[in-house]
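Enquirer: A single structure is presented below for examination.
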Amino acid sequence: MISENDKPDCAVLLAVYNGMKYLEEQLQSILSQTGVNVTVFASVDISTDGSDKWLIQASEKDSRIIVLSAEERFGGAAKNFFRLIKDVDFSRFDYVAFADQDDIWNADKLHKAARIIQYSDYDAYSSNVMAFWSDGKVRLIKKSQPQRQWDYIFEAAGPGCTYLMSVSLMAEIKKCLLLNWEQAQDVSLHDWFCYAFARANNYKWFIDQESSMQYRQHEKNQVGVNTGLKAYQARIKKILSGWWLTQAVLIANLVGAGQTEFIQSWAKLDRPGLIKLARHAFQCRRRKQEQLFFFTCCIVLAIAGRNV
């Protein structure tokens, strides 16, 4: 247990790809965190904008920044974050956080999350976020609806950049990744995987109703906020292609939930399984609107009459 007067040590895993436009502002908001000791571990997906050189220069000026050697073209944030989890030694830290390259953290983001974990029986923290756009528009994105029995199989606990996890939880996530490294490369979203592992293995997760950061929205967001007609059309197309449920089955198997009766009842993604899954929609998403959307997608796929 960390004493009242000690600052917890937080490892921040920063995945970077062509991030120079916003990277400096984001990194400054991380290094300026109050009430905690921060060490940033950065992994740069092969970039063309000088992100790697800039980070190396920054690390030479500030020992709290550690840049992992360039390895390969990851092609997505999940593989880059998994590389960070695999290669960083967490043994001297109390907590581990994820960071994107383009957001702005509240000054007390890590300290508040660490205190909630330290003085409760929770093992991990995430929160709502305040999305913002270059035109000045802002919007609170709510992810703190009550957790459902099976929501973790189908969604993350909010944006991964809000996560803070105990080092004991992260050690188990790392162990799972190393044991299933090849299969894990097919996971598209690292935050979904980590939340699923925690919940499937009886770790407790707190989702804060308050925002812990400013969540920048721009044309190069890999996920971002689903707003607008085009965003919903793209989302529906992706879900109806079978990507979402195929990922759910993959993640369930990786985190040790694949053999449960519930997962087995629909894992073949055939018509009977999809209809059964639709009947459990209220257990599979936190937000009521998303439960209806989930139900509709399952029914549409079942009517289509083909395996996903």
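The values are calculated or read from the model by the stated rules, or taken from the named source; none is laboratory data. Source: prediction; values computed, not measured. Cβ coordinates were reconstructed from backbone atoms using ideal geometry, including for glycine residues, and neighbour counts include every protein chain displayed.
Enquirer: GLN26: at pLDDT 95 or above, within 27 Å of PHE132 (Cβ to Cβ) and part of a loop (DSSP other than H, G, I, E, B), yes or no?
Expert: Judged against the criteria, GLN26 is not a match.
Enquirer: Give just the number: which of (1) farther than 15 Å from GLY256 by Cβ; (2) in contact (Cβ under 8 Å) with a residue 24 or more places away in the chain does GLN183 not satisfy?
Expert: Answer for GLN183: the failing condition is (1).
Enquirer: Next question, about the same structure. What are the residue pairs meeting all of these: first residue in segment 230-256, first residue over 30 Å from LYS174 (Cβ atoms) and assigned by TED's automatic domain parsing to the domain that holds THR296, second residue β-branched (Val, Ile, Thr) and modelled with pLDDT under 95, Cβ atoms under 7 Å, and 6 or more apart or on different chains?
Expert: LEU240/VAL300
Enquirer: Output yes when any residue across segment 36-56 is surrounded by fewer than 21 Cβ atoms within 10 Å (Cβ to Cβ), without any contact (Cβ under 8 Å) to a residue 12 or more places away in the chain and in contact with a strand residue (DSSP E or B) (Cβ under 9 Å, 6 or more places away or on another chain), and no when none is.
Expert: For segment 36-56, residues surrounded by fewer than 21 Cβ atoms within 10 Å (Cβ to Cβ), without any contact (Cβ under 8 Å) to a residue 12 or more places away in the chain and in contact with a strand residue (DSSP E or B) (Cβ under 9 Å, 6 or more places away or on another chain): present.
Enquirer: Same structure, new question: Look at SER59 and say whether it is over 26 Å from GLU72 (Cα atoms) and in a helix (DSSP H, G or I).
Expert: Values: over 26 Å from GLU72 (Cα atoms): no; in a helix (DSSP H, G or I): yes.
No: the conditions fail for SER59.
Enquirer: Any residue in segment 88-103 that is among the β-branched types (Val, Ile, Thr), buried (at least 18 other Cβ atoms within 10 Å of the Cβ) and in a loop (DSSP other than H, G, I, E, B)?
Expert: The answer is yes; a qualifying residue exists.
Enquirer: Next question, about the same structure. Inside segment 107-143, can you point out the residues that are of a type in the set (Gly, Ala, Ser) and surrounded by fewer than 19 Cβ atoms within 10 Å (Cβ to Cβ)?
Expert: Across segment 107-143, the qualifying residues are ALA107, SER120, SER134, GLY136.
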